[in-house]
Amino acid sequence: MATDDPDGVMIFAPVPQLTVTIEEAASGVELHVHAGSQGIWQARMCAALGAPVTLCAAVGGEIGDVIAGVLAAEEISLRLIHRDEGSGWYVHDRRDGSRSTIAEHAGQPLGRHDADELYTAALAAGLRSRVSVLSGPAAPGVVHPSLYRRLASDLRKHGVQVVADLSGELLAAVLAAGVSFLKVSHDELIDAQRAADDSEAALAEAARKLRADGADRVLISRAGQPALALVDDDLLTVELPALEVVDHRGAGDSMTAGVAAVLARGGDAREAIRTGAAAGALNVTRHGLGTGHSDAVVELARRARLATV
């Protein structure tokens, strides 16, 4: 059942995956089974930061049943569409301290009927929320870009702030509709030839082009380097002392979630950026993706500094 909270966050995670990770512990080999995907990690962090969250996703097959059961234990509200086609999954081995992929499947492409059902569920939940986050599937081709364009456009028409964390054709689709806040990594911009290289000048130019294409505000993550943000006409660096990395995966998703959680409670763009940077920095210190404690994020956010370039 979806939350009906004007300060809430709707997260669109169309085709989540079941994640299976093998790890070595003091007591022996451990097997960890979770629901995963960009949107689920974002939902988990938003909930940790106190934002009411509704997750909209499509699940199917035996794997989908397991995903639905695991998600039921999360501190989030669910709007799940059940379909015949199977959900995605992956199996990772971390016994030597690094992460290696044993096998993976992004999930079956979302069919027309299921896409219509998911769009309707996401639209309804999004209209009841202040912020909607559009996250991507595990691989291109699983969800048609037009679904993202329609959802972003229709939510914006009704005054909902749309936050996007996408790349490739999905990024182009939401830019055509317009987004309130775009988070993207420097690698994704270079891969898409939206930035010539990873220099500050090239990324600043890319940020301004993204704004011209339809993003009101832009936040570019840069791995170990300070993030860049374009707010109004100000180009900002986001500086926060680095923490020791346990697992870098999920840092960008936690950054997006931090931004969304602040916007959902009516915070301004600069506070959202500082909190996003703090959430991303905290995530790398943990094995669980999209996890962390709000008090640690708050303290780190106080230490984040925005400097005009």
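Data table
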| quantity | calculated |
| --- | --- |
| V231, V66, ranked by accessible area, largest first (probe 1.4 Å) | V66, V231 |
| GNM result for the chain, Cα springs below 10 Å: residue of P137, P145, P52 fluctuating most strongly | P145 |
| Gained length - I190 relative to A202, 0.36 nm times residue gap less alpha-carbon distance | 3.4 nm |
| Share, in percent, of DSSP beta bridges within the chain that are antiparallel, nearest 5 | 45 percent |
| The chain - percent of accessible surface contributed by carbon and sulfur, probe 1.4 Å | 48 percent |
| Unit charges on C-beta of K, R, D, E only; dipole of the chain, Debye | 720 debye |
| Gained length - A139 relative to D213, 0.36 nm times residue gap less alpha-carbon distance | 24.3 nm |
| The stretch 121-271 - Debye-derived log10 I(q)/I(0), Cα point model, q = 0.10, 0.13, 0.20 Å⁻¹ | -0.33, -0.56, -1.36 |
| Backbone N within the stretch 36-74 under 20 Å of label point (7 Å from E85 Cα along the Cβ vector) | 36-40, 56-68 |
| Among L235, L175, L134: highest mean-square fluctuation, GNM of the chain, C-alpha pairs under 10 Å | L235 |
| Kirkwood Rh (inverse of mean 1/r, distinct Cα pairs), the stretch 163-225, angstrom | 11.3 Å |
| For the stretch 177-238: relative contact order, % (alpha-carbon pairs under 8 angstrom, 6 or more apart) | 33 percent |
| 10 Å binning of all Cα-Cα separations within the chain, expressed as whole percents from 0 upward | 7, 29, 37, 22, 5, 0 |
| For the chain, calculated [θ]222 nm from helices alone, where every DSSP H run of n ≥ 4 adds -39500 (n - 2.57) | -12000 deg cm²/dmol |
| Efficiency of FRET from Cβ geometry, D234 and D7, R₀ 35 Å, rounded to 0.05 | 0.85 |
| Segments 295-302, 26-33 sorted - mean Cβ within 10 Å per residue, highest first | 295-302, 26-33 |
| The stretch 89-233 - charge dipole about Cα centre, Lys and Arg +1 at Cβ, Asp and Glu -1, debye rounded to 20 | 480 debye |
| Calculated P(r) tail over 17 Å for the stretch 60-186, as whole % of Cα pairs | 65 percent |
| Residue-wise HN-Hα coupling along the stretch 101-117, computed from phi with Karplus coefficients 6.51, -1.76, 1.60 (Hz; x: Gly, Pro) | 8, 7, 6, 7, 8, 6, x, 5, x, 6, x, 4, 5, 5, 5, 5, 5 |
| GNM flexibility winner over the chain from R265, R99, R222 (Cα, springs under 10 Å) | R99 |
| Packing-based order for 42-49, 266-273, using average beta carbon neighbours within 10 Å, highest first | 42-49, 266-273 |
| Listed residue (A261, Q108, Q42) projecting farthest to the positive dipole end of the chain, Cβ model | A261 |
| Pairwise label distance in nanometres, T101 with S153, each label 7 Å out on the Cα-Cβ vector | 3.3 nm |
| The chain, relative contact order [Cα under 8 Å, separation at least 6], % | 17 percent |
| Diffusion constant of the stretch 24-111 at 4 °C, which comes from Stokes-Einstein with the Kirkwood Cα-pair radius and 1.567 mPa s, µm²/s | 89 µm²/s |
| Inter-label distance for S146 and A26, nm, one decimal - labels placed 7 Å from Cα along Cα-to-Cβ | 5.7 nm |
| Efficiency of FRET between E117 and E299 - r from beta-carbon atoms, R0 51 angstrom, step 0.05 | 0.75 |
| Heavy-atom surface of the stretch 10-153, accessible at 1.4 Å and reported per residue (Å²) | 41 Å² |
| Cα centroid separation, the stretch 103-122 to the stretch 200-221 (Å) | 30 Å |
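The values are calculated or read from the model by the stated rules, or taken from the named source; none is laboratory data. Worth saying up front: this structure is predicted, and the values here are computed from it rather than measured. All Cβ positions, glycine included, derive from the backbone under ideal geometry; neighbour counts span all protein chains shown. Note: areas computed on protein heavy atoms with side chains; ligands, DNA, RNA excluded. Shrake-Rupley method; radii C 1.70, N 1.55, O 1.52, S 1.80 Å.
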